1. Please give the charge dipole size of the range 22-199, origin at the Cα centre, charges +1 on K and R Cβ atoms and -1 on D and E Cβ atoms. Round to the nearest 20 debye.
2. Under a 5 Å amide H to amide H cut-off, with H placed in plane at 1.01 Å, what residues pair with LYS131 once short-range neighbours are removed?
3. How long is the range 59-124 along each principal axis, judged by its Cα atoms, biggest number first, in Å?
4. Please state, as a whole number in µm²/s, the translational diffusion coefficient that the Stokes-Einstein equation yields for the chain at 10 °C and 1.306 mPa s, with Rh defined as the Kirkwood radius across alpha carbon pairs.
5. On C-alpha positions alone, give me the angle between the axis of helix 172-186 and the longest principal axis of the chain, in degrees, nearest 10.
6. If you line up the long axis of helix 113-122 against the longest principal axis of the chain, both from Cα atoms, how many degrees apart are they, to the nearest 10?
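Nothing in this text is a laboratory measurement; each read-out follows from the coordinates by a stated rule. The structure displayed is predicted, hence computed values, not measured ones. Please note: Cβ atoms are built from the backbone with ideal geometry, for glycine as well, and neighbour counts cover all protein chains shown.
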Amino acid sequence: MKRSTCDICHFSTKTCVCSYVTSPKLSNQTRIIVLQHPSEVTVAKNTVRLLNLQLSAIEVYVGESPSDFKVPQEIARTYNCGLLYPAPNAINVESISSKSKPVEVLFVLDGTWKKANKIALLNPWLNNLNKITFSQRPENNYSIRKAEQSYSLSTLEACAYFLACYENLQIEPLHHLLAGMIHEQTKFMPDDVKKRYLSEDN
């Protein structure tokens, strides 16, 4: 039997997050382009769905190879873009000068570290983008999905931190929405299981 899904947030009706969405949407000036690995599309706890609900300027493209990302490649040729990726030559978002060329579009890879890295390797055109990273990683509050790396953040948390640093955007609605999703996803768990999830340090 197919589970019932909310037409607005696309989560199960039992874990609907619509009541946690802040209106109006956050008006981010930097256009967020998410390159999402196909394996993430059906993951119930994927945070890109939350970004879609709360940000005004976001697009999601699903795939792995360059042929899947023809539109993003054209965007990359047209605008001044950055790629959120911890490369050795990456620029810390905290130190981007106001005199620098503005980052008009931020590309974000969505998937496990292994899958995100695969997208990066299969798409050499991404090498032409300025890499952006964080000098001080914010706390990971995404307790219901185990991170592969100790420094990993959910896609929502990474985008939120970028927008807070780069645009001085008030990102509380994003964190409120994430907390709401975690609450909905764990509310039916037995207390001992819930406690283990919410106490894990990712």
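1. 200 debye
2. Here the answer is LEU83, ILE91, since their amide H atoms fall under 5 Å of that of LYS131.
3. Computed over the Cα atoms, the extents are 35, 25, 19 Å.
4. Reported coefficient: 90 µm²/s.
5. 40 degrees
6. 30 degrees
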